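Right, one structure below, let's go through it.
Only the coordinates and a few stated rules stand behind these numbers; no lab work does. Everything numeric in this text was worked out from a predicted model, so none of it was measured. Cβ placement follows ideal geometry from the backbone for every residue including glycine, while neighbour counts extend to all protein chains displayed.
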2 protein chains.
Amino acid sequence: MTFYRQVLSIIDYPDLLTNPNASSIYPLDVLSLAKKFIDNIPGGSGAYSESKGVPFLRQMVAKGIEARDGGHPCDPDSLWMTDGASPAVHYLMKMLLRSEKDAILTPIPQYPLYSATIKLYGGTLLPYYLSEEKGWATSATHLKEQVQKGRAQGLHIRALVVINPGNPTGQVLTRENQEELLQFCADEGLILIADEVYQTNIYAQDKKFYSFKKVVREASGTAANVAVVSLNSISKGFFGECGRRGGYMEVVNFPDDVKQQMYKLASINLCPNVNGQVCCALTLNPPQPGDPSYQLFTEEKDAILASLKRRALLVVDTFNSLDGVTCNPVEGALYAFPRLTFPQKAIDEAHARGKEPDFEYCMELLDRTGIVTVPGSGFWQEEGTYHLRTTILPPEEDMQKVSKLFSIFHKEYMGKF
Amino acid sequence: MTFYRQVLSIIDYPDLLTNPNASSIYPLDVLSLAKKFIDNIPGGSGAYSESKGVPFLRQMVAKGIEARDGGHPCDPDSLWMTDGASPAVHYLMKMLLRSEKDAILTPIPQYPLYSATIKLYGGTLLPYYLSEEKGWATSATHLKEQVQKGRAQGLHIRALVVINPGNPTGQVLTRENQEELLQFCADEGLILIADEVYQTNIYAQDKKFYSFKKVVREASGTAANVAVVSLNSISKGFFGECGRRGGYMEVVNFPDDVKQQMYKLASINLCPNVNGQVCCALTLNPPQPGDPSYQLFTEEKDAILASLKRRALLVVDTFNSLDGVTCNPVEGALYAFPRLTFPQKAIDEAHARGKEPDFEYCMELLDRTGIVTVPGSGFWQEEGTYHLRTTILPPEEDMQKVSKLFSIFHKEYMGKF
C-alpha cells in the first residue's frame, strides 16, 4: 500500500519533509501525517518507546478500534503494541500456564503458534474440534464435553482460543456463535483469547466480522464480564506488512494487577519496533474521503481484496473439482484446508514407510510441480482424516497455471493406487 | 546517522529510487546500495524473512564480523538476526535452563535482562562479583570459588555471562582477562555468553575491544573448543537505533543438533523485523573511503563518539568531586555506576521506612531536580554497598547544567545527616 510506505519513508529520513521537492514526491496528507508522527514520537523512530508502545500511537490504534466497533471506548492503557501477534501469545501463555496441569482449549485444526507456545511454557493443549461437515463450525456443546473430559483428567482449564476468521480453516463465526462462546467462557470461568488477525480478510458475502471486544461490550449478564484478549497484526489484511512485525493486543475486563504483570513481562524486552508500531497505527486509521491519498488508497485496497476473493473461489473450486478432495468455502483469512481422501493402499504404504499419507502427498507435489503446501498434521487434525493447507496468496496471473498443474498431479498420484 | 536513514527510507518506499529527483536527494552510493537491498531481499521489506534473517543480510553481517575480527571466517548459518539482543537471551535461557537446579554465572552488577530471563525460565542466577576496587575487574579465582559454592548447593552450572564493555559498570576487559575466562569455561565445561552490544563504545585510550569470537579462534588447547555466543545490537554504538530493534547472535563451536533446536525456537515467531535486519547489516558495513557518503558518515560518527567520550569524562569527574561518591572510569558503554557512601543515619532511617538508602536518594533526586537515575539495587550490588546508575546520554549542552544541579542536590541531601 503506497500510503503506508510513503509515510514510513519520511519517518525514517525526516529530511525528506523539508526537501524542496517534497510536495512533488508526496501527497499533502502524507506530509502532514508524517510530521505529526515525528512531532509526537519521543526521539522519533530512533529511540526506545514505552514497553507497551508509543502513547500517541496507542491513542491512534484506540481510535481505530473504536471506529471499527461502532464507538465502544478503547482505553490506550489496555493496549500492548507487539512485534506481530506472536509476542502477545507468548505473554499470555507464560502468564496462564503454571504447570502441565494448566490447559488451553485450542481449536483443531489450529495455527501452530498455539501448540508451540503451550508446549514451550509447559502447559497442556486441550483440543476442541471444528466440525468440517458444518463448515468448520465451533460447537459450545462439544466444548463443554471437552472441558468435562479435561477436568476428569485433573486439568485446570485457563482459556479458550478462538481464531476468527479461522486459520487454517477460513471460516467466519456468526455473531450468535460468538455470543454462545462468550457465555461458555462465563460459565466455565475461562479467559477468551480472540485471534482476530484476519479481521479485514472477509470474502463471503453473507458473513461479517464482529470483534469479540464488541460482542463482550454488548453482552449482558455474566457474559459481559468475561476477560477477553483481542490479537491483531499488520501482517494480514490487504496490506500484508509481514516483514515489519507490527501488531497489538487489547485486553478487556482484565484486573489492574494482572495488567501490571503483563506490563512487567513486556518491559523485559524494552519495546516493540517503532516502525512496526507506526505501521500498525496507520492500518487502523486509513485515509478518509477528501484526503489527497484517499483515491489511490481505495483503488489499491479494493483491487487487492477483490483479487483475494477471486483467488479464494478459484482455489476452492479447483479442490472440489477433484476426486477424493473436498474443501469448505474460504469465507475469510488467506488459506484453504481441503480434505484428502486417500485409497486404503496409499495409507497402508505410507504407514509402512513410517510416514503419513498427506505428508507423502505434499512432498511429492513439491518435488513434481514446485507447489509448496503443508500437510494437515502440521496444524493437527481429527484422527483418521488427512488434509493439506495451501494459501490463496500466489499472484493471480499464476493461479490458473497452478490450479492446472495441481489437478494433473492429483489425478496421477491417486491413479497409482 | 544520515547514511542509514537514507537507505532505509528508499527500502520503505522503493518508488524513491526512480523518482526524477532521486540523485539530488540521495548520494549515489545510497541509491545503489538501496537497490541492492531491494533486489536481494525476497519480497522486499514487506514479506516475512527466514526465521534466522534474510540470507543476503546475514552474509553482509558475516562480512562485517570478519572485517572486525581480522579475517576469521564467519558462517552466515551460525547467525540469528534478532529484534535487538533481548530475544537471543530468551532463546539461550529457554534452552539452557531445565529446572531451578540449572544456574547461570552472572556478573554483579548486571543488566536486568539476565536476572529477569533467568527467573522467567525457572533457573538460578549464580552471582559473581566484579571487583569495584580493581575497576570492576573479573577474577577467574573468584569465579572458581563461586562455581564450587554453587556445586556444593547441588547446582548444575550451564553458562558464564560476560558483558564487555560492562553494563552498567563501563569497564573494558583486557585480552589476557578474556583468555583467562575462556580457559575457565573450558575447565568447567561452560558455555560463554558474550554480551558485546557496546563493542563500538570504547573511550579509554589504553583499551581496545576484542570479540570473544576472535579470542576463541586464536586460542589453543581446550579453550579453542569453548562454545561461545556473541550478542550484538544496533541500539548502541554511535548509531543508537534502539527503536528499530535490530541485532544478532553468532554461535561458535555449537553442535549442529543444538543449532537446529535454536532454529526451531526462533521459527515460532516467524522472523525478526526486516527493517531492523537491514539496519543491522548497514551498521556492520559502513561507507568506505572514496564512497560519496564516506565523509559525512565519518564526520557524524566521529562527532558522536568524541562527544560521548567528553561526557563520560565529565560524568565521572563530577561524581569523584563529591564527598561520599566514588566512580570508576567509564572506559566504554554508556553508563556510570558510582558508589554512594551514606552516613549511618541515612541508612538507618531508610531501613526504618522499609526502603534502601540508594532508592530514597534516587527518588529525591528525581523529585527535586528532574534527573532520572536508577538505584544500584536494580542491577544487584554487593551487600552493604550502594550505587546509582546514570547514563552519559543527555545532550552535551545540558551536561554542565545537570552536573551542577546534581552537585548541589548531593551536598544538601548528605548535609541532612
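Using the Cβ-Cβ distance between A:HIS142 and B:LYS264 with R0 set to 35 Å, the FRET efficiency from 1/(1 + (r/R0)^6) comes to roughly 0.65. Ranked for footprinting exposure by Cβ neighbours inside 10 Å, fewest first, A:ARG58, A:ARG175 give A:ARG175, A:ARG58.
Which of the GluC sites (Glu not before Pro) across segment B:322-396 are loop residues per DSSP, with 12 or fewer other Cβ within 10 Å? Walk me through the intermediate numbers first.
On the way: sites: B:GLU331, B:GLU349, B:GLU360, B:GLU364, B:GLU382, B:GLU383, B:GLU396; in loops: B:GLU331, B:GLU382, B:GLU383.
In loop regions of segment B:322-396 (DSSP not H, G, I, E or B), the sparsely surrounded GluC sites (Glu not before Pro) are B:GLU383.
Rounded, prolate or oblate: which fits chain A, taking a ≥ b ≥ c as square roots of the Cα gyration tensor eigenvalues, rounded meaning a/c under 1.5, else prolate when a/b beats b/c? It is oblate, given that a/c is not under 1.5 and a/b is not larger than b/c.
Restricting the GluC sites (Glu not before Pro) of segment B:248-326 to loop positions (DSSP other than H, G, I, E, B) with no more than 12 neighbouring Cβ atoms within 10 Å leaves nothing.
Sites listed here are trypsin sites (Lys or Arg not before Pro) in segment B:374-417 whose DSSP assignment is loop and whose Cβ has at most 15 other Cβ atoms within 10 Å: B:LYS416. Across identical copies of the chain, B:GLU349 has label-point separations of 8.8 nm, listed in ascending order, with the point defined 7 angstrom from Cα along Cα→Cβ. Summary for B:LEU17: label point 7 Å along Cα→Cβ; distances to the equivalent points in the other copies, ascending, 2.7 nm. Segment B:THR174..B:ASP257, full-extension length gain: 26.5 nm, with 0.36 nm per residue of separation and the alpha-carbon distance subtracted. Ranking B:ALA306, A:ILE163, B:ASN320 by Cα position along the charge dipole of the protein assembly as shown, where only Lys, Arg, Asp and Glu carry charges on their C-beta atoms, puts A:ILE163 farthest toward the positive end.
Shielding of peptide B:231-240 by partners, expressed as the average count of other chain Cβ atoms within 10 Å per residue Cβ, is 1.
The simple Förster model, with R0 at 60 Å and r as the Cβ-Cβ distance, assigns B:ALA67 and B:PHE417 a FRET efficiency of 0.65. Between segment B:235-263 and segment B:128-155, the C-alpha centres lie 27 angstrom from each other.
If each label sits 7 angstrom from Cα along the C-beta direction, how far apart, in nm, is A:PHE409 from its counterparts in the other copies? Spelled out, the distances from A:PHE409's label point are 6.6 nm. Each of the peptides A:338-348, A:366-376, A:269-279 was scored by the mean count of other Cβ atoms within 10 Å over its residues; in descending order, highest first, they stand as A:269-279, A:338-348, A:366-376.
Counting beta carbons within 10 Å around each of B:LEU96, B:LEU296 and listing the fewest first gives the order B:LEU296, B:LEU96. Rounded, prolate or oblate: which fits segment B:137-270, taking a ≥ b ≥ c as square roots of the Cα gyration tensor eigenvalues, rounded meaning a/c under 1.5, else prolate when a/b beats b/c? Oblate shape, in that a/c is at least 1.5 and b/c is the bigger or equal ratio. Summing charges over neighbours of B:LYS259, with a neighbour being any other residue whose Cβ is under 15 Å away from its Cβ, gives -2 when K and R count +1 and D and E count -1.
When the helices of chain B are scored as -39500 (n - 2.57) per DSSP H run of n ≥ 4 and the total is divided over every residue, the value at 222 nm lands at -14000 deg cm²/dmol. The mean count of C-beta atoms from other chains within 10 Å of the C-beta of residues in B:78-91, rounded to a whole number, is 2. In this Cβ point-charge picture (+1 for Lys and Arg, -1 for Asp and Glu), segment A:112-235 has a dipole of about 260 debye about its Cα centre.
Tell me the relative contact order for chain A as a rounded percent, counting alpha carbon contacts under 8 Å between residues six or more apart. Present the calculation step by step, with values, prior to reporting the outcome.
Numbers: 741 pairs, mean separation 74.2, N = 417.
Rounded, it is 18 percent for chain A.
For A:SER377 paired with B:LYS119, estimate the spin-label separation in nm (one decimal), with each label point 7 Å from Cα along the Cα-to-Cβ line. Taking the simple label geometry, A:SER377 and B:LYS119 are separated by 4.2 nm.
Counting only pairs 8 or more residues apart or on different chains, how many lysine pairs in segment B:335-417 have their Cα atoms under 22 Å apart? Eligible lysine pairs with Cα atoms under 22 Å apart amount to 7. Here the dipole of the protein assembly as shown is about 400 debye; that uses its Cα centre as origin and unit charges on the Cβ of Lys and Arg (positive) and Asp and Glu (negative). Using only side-chain charges placed at the Cβ, +1 for Lys and Arg and -1 for Asp and Glu, the dipole size of chain A relative to its Cα centre rounds to 380 debye.
Residue by residue through B:17-28, how many Cβ atoms from other chains fall within 10 Å of the Cβ on average? Write down the numbers at each step before the final one.
Numbers: counts 0, 0, 3, 3, 6, 2, 0, 3, 8, 1, 0, 0.
That works out to 2 on average.
Under 5 Å from the amide H of A:ILE191 lie the amide H atoms of A:ALA159, A:LEU160, each residue being 5 or more positions distant or on a separate chain, with H modelled from the backbone and absent for Pro and chain starts.
Per-residue Cβ neighbour counts within 10 Å put B:HIS90, A:HIS351, B:HIS387 in the sequence A:HIS351, B:HIS90, B:HIS387, beginning with the fewest.
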